[in-house]
Amino acid sequence: MSHVPAALYLDFDNVFTELRKHDPTAALGFAEQPDVWLERLSVLPEGRRRRWLVLRCYLNPAGWPQTVDGAPQTFGRYRRAFVRAGFEVIDCPRLAGTKNAADIRMALDVLDSLQASPSPGSTCSARPTPTSPRC
């Protein structure tokens with residue numbers, strides 16, 4: 001079975017909020033069982049699979065303040081499910097108004113990953129030098 005290297009940078013707040021507008025049940029499934037949809041994303045045609053090199057979930061733990069059965073609920077309640085599914089959860093609290101730091105953090109993390117990744121066909125070293133990229 002061949003594997004395809006892949007990375008997933010997920011803006012939880014945006015995906016959950018938009019999904020909830022259209023299908024609240026699907027939004028809860030997305031938030032409570034990320035392992036289920038991540039497995040679906042992992043399977044590719046012809047028996048190939050994605051090999052997740054990076055799984056990051058950017059989440060405002062205090063986002064979506066709402067009361068359910070008299071108890072306050074926030075996005076932070078879904079953190080454990082994403083950690084169990086293998087995600088690194090990055091806290092992105094609100095900066096000003098309604099905007100949080102997720103967009104900026106994600107963009108910087110993607111750029112860092114691209115710079116750290118060797119180009120296809122190149123060799124890499126566990127001990128990087130100026131001429132050999134890190135693996």
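The values are calculated or read from the model by the stated rules, or taken from the named source; none is laboratory data. Everything quoted here is computed from the prediction, not taken from an experiment. A quick note on method: Cβ atoms are made from the backbone with ideal geometry, for glycine too, and the neighbour counts reach across all protein chains shown. For accessibility, only protein heavy atoms count, side chains too; no ligands or nucleic acids. Shrake-Rupley method; radii C 1.70, N 1.55, O 1.52, S 1.80 Å.
Before moving on, here are some points about what is shown:
- Computed lengthening from Ser42 to Arg94, 0.36 nm per intervening residue step minus Cα-Cα distance: 15.6 nm
- Shown in residue order for the range 42-59 are the 3J(HN,Hα) couplings computed by the Karplus curve 6.51 cos²θ - 1.76 cosθ + 1.60 at θ = phi - 60°: 6, 8, 10, x, 6, x, 8, 9, 7, 10, 6, 7, 9, 10, 10, 10, 9, 9 Hz (x for Gly and Pro).
- Protein-only accessible surface order, largest first, of Ile90, Ile104 at 1.4 Å: Ile104, Ile90
- Taking 0.36 nm per residue of separation and subtracting the Cα-Cα distance, full extension of the segment from Val83 to Asp103 would add 5.2 nm.
- Taken along the Cα-to-beta-carbon direction at a fixed 7 Å, the label points for Thr25 and Thr74 span 3.0 nm.
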